[in-house]
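Below: one structure, written as structure tokens.
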Amino acid sequence: MPRAIQIAATGGPEVLQFADVAVGDPGPGEIRIRHQACGLNFIDVYHRTGLYPLKLPHGIGMEGAGTVEAVGEGVTHLKVGDRAAYASNPPGSYSDVRVMPAKTVCRLPEGIAFDTAAAMMLKGLTAQYLLKKTQPQDRLVPGDFVLWHAAAGGVGLIACQWAKALGYQLIATAGSPEKCQLALQHGAAHAIDYRKENFVERVKAITGGQGVKVVYDSVGKDTFEGSLDCLRPFGLLACFGNASGPVPPFAPGLLGPKGSLYLTRATLFTHIATREATQAMADDLFAIVGSGAVKIRIDQRYPLAEVAQAHRDLEARKNTGSSVLLP
């Protein structure tokens, strides 16, 4: 019988348990996919801990790649035997095989391997909507500085390369000299070790005291105030994660004296709400990866049975690049 990782209660990595699951035929608008690789992302931690609540018991995992085994009524963009990949709700990618909505599943180009696809769909689509759609008031143009926190992670290394291809000067933050060097090797113009340096002071020095037009911040609580202080007037803070914990409540009046700043809490799933939007974003991602301008770095591979250790490593910020789970 197929197996899947499920959680029956929220908590630490120990709540991730294998379970036998019955997987039937897809209904209208659904497919059945057999996974070759599954992605590992911080949103999985949020689901496991209950920060993003799920109705329990529930599967977990938002990203995967594999082969389409069956297609439900009304699905026309996929057929049995297609190579496919996705970043999608509902969670459940930590599994051998699953039935899921077809809307956000994309046919995978032959030149992209399954493990690469599982490592890049959620992270690459996130980098795409941030760099292409989450823009400051006067837009980004080649030569502009942007600040990207946690730049040595899976999303960050994709963003370093993509920002360079777009002509932006990405200032990376990371938590060690090795991670800073990794960001520089992947296209960052500057790198700041936030454990040893004051990133606000360094950003101001790099930008001649002006600050940046936009900060992309997946860290949350630990970087929030500093991120605001790195912005030039009318700058945008784009929060898209909470790796250090959620940002505490604050008074919106704080944004005025700092330069009439803008703040957004962006999510991928708003951007891929339609089949058309998902495909357009995926086509952009497949094109930049296919061109060689963005390379997907997989530094950690875990058997699916070792998912608890994968979560421990992720939360301890031991990982660089992307991680995949192998059923």
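Summary of computed values
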| quantity | calculated |
| --- | --- |
| Test for Ala273: is it assigned to a loop (DSSP other than H, G, I, E, B) and among the hydrophobic types (A, V, I, L, M, F, W, C) | yes |
| Selection from the range 200-212 of residues that are on the phi < 0 side of the Ramachandran plot and touching a Lys or Arg at 6+ places or on another chain (Cβ under 6 Å) | Gln210 |
| Residue in the range 290-305 that is surrounded by the fewest Cβ atoms within 10 Å (Cβ to Cβ), counting only those that are touching a residue at least 12 places away in the same chain (Cβ under 8 Å) and over 14 Å from Gly124 (Cα atoms) | Pro303 |
| Only listed residue being touching a Gly at 6+ places or on another chain (Cβ under 6 Å) and either in contact (Cβ under 8 Å) with a residue 24 or more places away in the chain or aliphatic (A, V, I, L, M) (or both), chosen from Gly59, Gly50, Gly66 | Gly59 |
| Single match in Ile296, Ile288 (criterion: within 16 Å of Tyr86 (Cβ to Cβ) and either modelled with pLDDT of 95 or more or not assigned by TED's automatic domain parsing to the domain that holds Ala159 (or both)) | Ile296 |
| Residue check for Ala119: part of a loop (DSSP other than H, G, I, E, B), more than 21 Å from Thr274 (Cβ to Cβ), in contact with a Ser or Thr (Cβ under 6 Å, 6 or more places away or on another chain) and among the small types (Gly, Ala, Ser) | no |
| Only one of Leu268, Leu236 that is touching a residue at least 60 places away in the same chain (Cβ under 8 Å) and closer than 13 Å to Leu147 by Cβ | Leu236 |
| For Asn89: the one exception among (1) touching a helix residue (DSSP H, G or I) at 6+ places or on another chain (Cβ under 9 Å); (2) modelled with pLDDT of 95 or more | (2) |
| Test for Met100: is it part of a helix (DSSP H, G or I) and either surrounded by fewer than 21 Cβ atoms within 10 Å (Cβ to Cβ) or among the aliphatic types (A, V, I, L, M) (or both) | no |
| Unique match (being in contact with a helix residue (DSSP H, G or I) (Cβ under 7 Å, 6 or more places away or on another chain) and at pLDDT below 95) among Thr126, Thr104 | Thr104 |
| Condition met for His186 (in contact with an Asp or Glu (Cβ under 6 Å, 6 or more places away or on another chain) and not assigned by TED's automatic domain parsing to the domain that holds Glu69) | no |
| Single residue of Val71, Val80 found to be among the hydrophobic types (A, V, I, L, M, F, W, C) and free of Cβ contacts under 8 Å to residues at least 24 places away in the same chain | Val80 |
| Count of the range 9-28 residues which are assigned to a helix (DSSP H, G or I) and of a type outside the set (D, E, K, R) | 2 |
| Number of positions in the range 19-61 that are exposed (fewer than 14 other Cβ atoms within 10 Å of the Cβ), in contact with a strand residue (DSSP E or B) (Cβ under 7 Å, 6 or more places away or on another chain) and either within 23 Å of Ala9 (Cβ to Cβ) or of a type in the set (Phe, Trp, Tyr) (or both) | 3 |
| Count of the range 116-127 residues which are more than 10 Å from the chain's Cα centre (by Cα) and either surrounded by 24 or more Cβ atoms within 10 Å (Cβ to Cβ) or among the small types (Gly, Ala, Ser) (or both) | 2 |
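The values are calculated or read from the model by the stated rules, or taken from the named source; none is laboratory data. Keep in mind the model is a prediction, meaning the values are calculated, not measured. Every residue, glycine as well, gets a Cβ built from its backbone with ideal geometry; the counts of neighbours run over all protein chains shown.
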